[in-house]
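Peer 1: Could you have a look at this structure, given as structure tokens, before my questions?
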Amino acid sequence: MDGGASYNPRTVEEVFRDFKGRRAGMIKALTTDVEEFYHQCDPEKENLCLYGFPSEQWEVNLPAEEVPPELPEPALGINFARDGMQEKDWLSLVAVHSDAWLLSVAFYFGARFGFDKADRKRLFNMINDLPTIFEVVTGAAKKQTKEKSSVSNHSSNKSKSNSKQGSESQPKYSKAVPSKGEDDDGMDEEDDKEHGETLCGACGENYAGYEFWICCEICEKWFHGKCVKITPAKAEHIKQYKCPSCSSNKRARPW
């Protein structure tokens, strides 16, 4: 069990970078890797915890044996509740505990390395600018701007469909990568404004005009292509895209 014990960030920027890496890993476990995470949380096993690492990786494992542990420990026994509730509710519960753990680790480093009031406030503000794991997993962050983004998504898709050269139609589920032509400069600026508050359903980061995005036809969440391993070329052959969460939810679960 590593848990990040070998890495000790000492500045506000380093602690925030550590926070973002662990957060990205845990979001991955609860979204794009949700099926694997589900299977690893076997209720027949001992008390299990979900760990996120600065390297943006995640791990389901037993708690640290040393007492007291090097770092604060995540919620214990997340696997025991897996089959006792709906999967969506269980994932939301794990997400809430994951948010609490990330904050405890960040401010553990702050206390250990003597952050003063100004440093602690700056660290919290940097963290607070990001959606929580709970907001990403439940779609709450998306819902906050859903009315605005849903209108802009349709208008943007139509304009990009009309502007794409050599193609009669653009798949409505994908945001095309902006071309380099001068005619597209105005469109790119408008697109950035329209989608600036759209959040990726996997990593929780904002939309950027130069990135390829794809929308799930079931939950209507948008994802970076790189987060769900979909390229623009691959998207051209997808008739109806379903994100990993919606694909796994369609399978029957034993309750």
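Peer 1: Can you pull out the residues in segment 51-107 that are part of a loop (DSSP other than H, G, I, E, B), open to solvent by 40 Å² or more (accessible area, probe 1.4 Å) and over 25 Å from Ser245 (Cβ atoms)?
Peer 2: Within segment 51-107, Leu62, Pro63, Glu65, Glu66, Val67, Pro68, Pro69, Glu70, Glu73 meet the criteria.
Peer 1: To continue, here is another question. Of the numbered conditions (1) modelled with pLDDT of 85 or more; (2) of a type outside the set (Gly, Ala, Ser); (3) assigned to a loop (DSSP other than H, G, I, E, B), Pro178 fails exactly one; give the number of that condition.
Peer 2: Pro178 satisfies all of (1) modelled with pLDDT of 85 or more; (2) of a type outside the set (Gly, Ala, Ser); (3) assigned to a loop (DSSP other than H, G, I, E, B) except (1).
Peer 1: May I ask you to list the residues in segment 37-50 that are open to solvent by 80 Å² or more (accessible area, probe 1.4 Å) and in a loop (DSSP other than H, G, I, E, B)? Lay out the reasoning, then the answer.
Peer 2: Within segment 37-50, the first condition is being open to solvent by 80 Å² or more (accessible area, probe 1.4 Å), and the residues that meet it are 39, 44-46.
Across segment 37-50, the qualifying residues are Glu44, Lys45, Glu46.
Peer 1: Could we say that Ala24 is out of contact with any helix residue (DSSP H, G or I) (no Cβ under 9 Å at 6 or more places or on another chain), at pLDDT 95 or above and surrounded by 14 or more Cβ atoms within 10 Å (Cβ to Cβ) here?
Peer 2: Working: out of contact with any helix residue (DSSP H, G or I) (no Cβ under 9 Å at 6 or more places or on another chain): yes; at pLDDT 95 or above: yes; surrounded by 14 or more Cβ atoms within 10 Å (Cβ to Cβ): yes.
So Ala24 passes the test.
Peer 1: Oh, and also: List, please: which pairs have Cβ atoms under 8 Å, are six or more places apart or on different chains, and start with a residue in segment 53-66 that is under 15 Å from Leu102 (Cβ atoms) and end with one that is open to solvent by 40 Å² or more (accessible area, probe 1.4 Å) and not charged (D, E, K, R)?
Peer 2: Short answer, once both residue conditions are applied: Pro54/Tyr7.
Peer 1: Shifting gears a bit: If a residue must be within 19 Å of Ser248 (Cα to Cα) and of a type in the set (D, E, K, R), how many such residues does segment 39-91 contain?
Peer 2: 6
Peer 1: Got a number for residues in segment 232-244 being under 25 Å from Arg23 (Cβ atoms) and open to solvent by 30 Å² or more (accessible area, probe 1.4 Å)?
Peer 2: Residues in segment 232-244 being under 25 Å from Arg23 (Cβ atoms) and open to solvent by 30 Å² or more (accessible area, probe 1.4 Å): 2 in total.
The values are calculated or read from the model by the stated rules, or taken from the named source; none is laboratory data. Note that the coordinates shown come from a computational prediction; the quantities given were computed from them, not determined experimentally. Note: ideal-geometry Cβ built from the backbone for every residue, glycine included; neighbour counts use all protein chains shown. Each accessible area value is taken on the protein alone, full model and side chains, heavy atoms only, with ligands, DNA and RNA left out. Shrake-Rupley method; radii C 1.70, N 1.55, O 1.52, S 1.80 Å.
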